[in-house]
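First comes the structure, then the notes that go with it.
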Amino acid sequence: DLGLLRHAAGDFARAAELQTAYLRACEISGDERGEGAARQARAYARRDAGDAAGAERDLLQFLAPEGAERRGRELRRERERKTEARLENVRRRNEKGNDGSGDGLLGGTPEDTFDADELELLVAEARGWCALGKMQSARGGAADAALSHEKFFELATVCGDKALEREARVCLGEARAAARQDALMRAVTERAEEPAERLMAWKSDGASFFDV
């Protein structure tokens, strides 16, 4: 809590130090969920302190499957089971189309309902993927950012927070557009000896630019 207070006060470097101390204490005591919370909080403190590389490392560890295991094995497995069940409901609803016949599918069964702890973990992971995607985008990793925002959107669609889902949809759209633009520019500059001629050929015959 002290680390979070220092972060809120703008003392990001001190906040990162305090979260490191909290992380070590959690590791010693075997507090798996505390480890995840400390690593995520330290990532945000490092990000705001200007240490983008350190923040990205922390988030990758926080979100990695092996890192998730340390945050609570049973909680993680149960949350993943319920998430997959709800994603399947989303897919079934989309297959039904927009005629309203699939509106009752998203809720799932009572067994697939997230409890408070699972929902907290779900939202934390969604926010983690969002932050990671934004950092990757800032350093020019458009393709990596798009993948991270896909994870953000996937988790946001099942947690029941419509505002979060809308935010994730916007972030994903922007990230995918940036990734496509990045791929196009790399194709222009790297995949042909005569980029201008390749671009003109693409415009003249209507073929896929990447096949020219």
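Compute the Rg to Rh ratio over region 129-184 from the alpha carbon atoms, using the Kirkwood formula for Rh, and round to two decimal places.
Using Cα coordinates only, the ratio equals 0.99.
Measuring from a point 7 Å past the Cα of E88 along Cα-to-C-beta, which residues in region 112-144 have an amide N at less than 15 Å?
Label zone hits: 112-113.
Using a 1.4 angstrom probe and counting only protein chains, how large is the accessible area of F62 in Å², to 10?
Roughly 10 Å² of F62 is accessible to a 1.4 Å probe.
With a Förster radius of 25 Å, plug the Cβ-Cβ distance of R169 and A116 into 1/(1 + (r/R0)^6) and report the FRET value to the nearest 0.05.
Calculated value: 0.50.
The values are calculated or read from the model by the stated rules, or taken from the named source; none is laboratory data. Here the structure is a predicted model, which is why all the values come from computation and not from measurement. Virtual Cβ from ideal backbone geometry, glycine too; neighbours counted across all protein chains shown. These accessible areas exclude ligands, DNA and RNA; they are computed on the full protein's heavy atoms, side chains included. Shrake-Rupley method; radii C 1.70, N 1.55, O 1.52, S 1.80 Å.
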